[in-house]
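Asks: Just dropping this structure here.
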Amino acid sequence: MLVAIAGALVISTSGPLVRLSGVSPATSALFRCAYAVPPMLLLAWLERRRLGRPPLRALVPAWAAGVAFGLDLLFWHHAIDYVGAGLATVLGNLQVFIVAFAAWALFRERPSKPLMVATPVVFAGVVLISGAFDGAAYGADPVLGVLAGLATSVTYAAFLLLMKAGPERPAEPLAHATVVATAVIAALAPLSGGADLAPSWPAHGWLLLLALGPQVIGWTLITFSLPRQPAALTALLLLVQPMTTMAIAALALGERPSALQFAGCAVIVLGVLYGSRRAQPAGVAEQDEQVPNTSTV
């Protein structure tokens with residue numbers, strides 16, 4: 001759990017770093033992955049020397065995850081342009097619900113009743129962030145920001161689930177996914193506003209920080225934790241990211257969402273916290289008092 005939280009804290013800097021780079025969405029998405037490829041390949045090589053070569057078929061989920069991640073980054077970097085780093089990150093993390101219901105279908109991890117009750121509440125918060133009832137909504141285009149954010153959540157959920165289905169090692173699956181994501185973004189960049197292949201300084205510096213911090217360190221920590229706990233719990237822990245990003249965006253970038261948009265963020269966070277509750281089966285409390293807990297997390 002602590003590993004996933006540490007990873008989430010590192011990737012919470014992603015949105016602000018994208019904004020600080022000042023480049024187009026396709027450019028930031030492309031270089032975020034491209035700059036990360038060499039160190040990820042080095043980590044994968046070191047991991048393979050220690051653990052051996054994984055079966056080729058075991059890497060197929062990582063390749064599919066790379067496609068999902070490439071789409072996720074393109075959608076999310078556009079959402080940042082439309083509605084700012086803080087709100088875009090909140091919207092992009094609705095994957096908590098998508099992962100929970102998809103994990104029910106794929107891994108038989110049945111979602112709790114509170115989560116099902118909280119789902120419509122959370123999407124009411126999305127409507128508030130969209131500015132549908134707010135003439136003072138923050139962002140160049142809050143409606144497009146919400147649509148891009150929802151698309152981010154869907155592809156983000158697919159990425160998490162596919163990475164969970166891969167081999168239980170952190171570096172090599174992520175390296176394969178990063179290489180595939182780089183190719184996907186490069187191929188789709190002309191349809192996504194185009195990418196500047198030679199961004200000027202200090203854009204290179206911010207993009208390098210984006211690649212080495214969130215992409216390499218953050219996602220290595222998260223992919224290490226994915227196979228070791230339920231998919232829905234990992235998705236819940238990643239909510240550390242939007243909370244931290246909102247604070248960084250307000251302090252460092254001067255982003256000031258409207259009162260209704262802040263209310264929407266509060267509704268989403270409270271809904272997710274409520275939805276994460278799990279009912280304790282009858283008799284478990286009595287058993288816990290009688291049998292020592294020897295498990296580790």
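Just so it is clear, none of the values below were taken in a lab; they were calculated from the coordinates. Quantities reported herein were computed from a predicted structural model and do not represent experimental measurements. We place every Cβ from the backbone using ideal geometry, glycine too, and count neighbours over all the protein chains shown.
Asks: Report ³J(HN,Hα) in whole Hz for each residue of segment 12-20, in order, from the Karplus equation J = 6.51 cos²θ - 1.76 cosθ + 1.60 where θ = phi - 60°; Gly and Pro get x.
Replies: 5, 7, 4, x, x, 5, 4, 5, 5
Asks: By per-residue mean of other Cβ atoms within 10 Å, what is the highest-first order of 59-66, 148-155?
Replies: Working: 59-66: 20.9, 148-155: 23.0.
Most protected by this proxy first, the peptides run 148-155, 59-66.
Asks: Please report the relative contact order for segment 2-278, taking Cα pairs under 8 Å with a sequence separation of at least 6, and give it as a percent rounded to a whole number.
Replies: Relative contact order here is 43 percent.
Asks: Okay, moving on. Is the shape of segment 1-108 best called rounded, prolate or oblate, per the rule: a/c under 1.5 gives rounded, else a/b larger than b/c gives prolate, else oblate, with a ≥ b ≥ c the square roots of the Cα gyration tensor eigenvalues?
Replies: oblate
Asks: Convert each backbone phi in segment 179-192 into a coupling constant with the Karplus relation 6.51 cos²θ - 1.76 cosθ + 1.60 (shift: θ = phi - 60°), then list the ³J(HN,Hα) values in order as whole Hz, x for Gly and Pro.
Replies: Per-residue couplings from phi come out as 4, 5, 4, 4, 5, 5, 5, 4, 5, 8, 3, x, 8, 10 Hz.
Asks: What is the order of 169, 50, 32, 19, fewest Cβ neighbours within 10 Å to most? Kindly include the intermediate steps, with their values, before the conclusion.
Replies: Working: 169 19, 50 9, 32 27, 19 23.
Placing the least packed residue first, the sequence is 50, 169, 19, 32.
Asks: Same structure again: Report the charge-dipole magnitude of the chain in Debye, nearest 20, computed about the Cα centre from +1 at each Lys and Arg Cβ and -1 at each Asp and Glu Cβ. Can you show the working numbers first?
Replies: On the way: 16 positive and 13 negative charges, 138 e Å.
That gives a dipole near 660 debye.
Asks: Give me the net charge for the shell around residue 261: Cβ to Cβ below 15 angstrom, other residues only, Lys and Arg +1, Asp and Glu -1. Don't skip to the end; give the middle numbers.
Replies: Details: positive: 256; negative: 134, 141, 255.
Charge balance in the 15 Å sphere: -2.
Asks: Would you mind telling me which residue in 94, 144, 161 has the biggest mean-square fluctuation in a Gaussian network model of the chain, where springs connect alpha carbons within a distance under 10 angstrom?
Replies: 144
Asks: Where the only charges are on Cβ atoms (+1 Lys, Arg; -1 Asp, Glu), what is the dipole of segment 1-99 about its Cα centre, to the nearest 20 debye?
Replies: Around 460 debye, computed over segment 1-99.
Asks: While we're here: For segment 100-160, run through the chymotrypsin sites (Phe, Trp or Tyr not before Pro) and keep only the ones in DSSP coil with at most 13 other Cβ atoms within 10 Å of their Cβ.
Replies: Those that pass, being in a loop and sparsely packed, are 133.
Asks: At 222 nm, what helix-only mean residue ellipticity would the chain give, in deg cm²/dmol to the nearest 500, using -39500 (n - 2.57) for each DSSP H run of four or more?
Replies: The per-residue figure over the chain is -22000 deg cm²/dmol.
Asks: OK, next. Return the single residue from 127, 67, 99 with maximal mean-square fluctuation; model: Gaussian network over the chain, springs between Cα atoms under 10 Å.
Replies: For the chain, modelled as a Gaussian network with Cα springs under 10 Å, the answer is 127.
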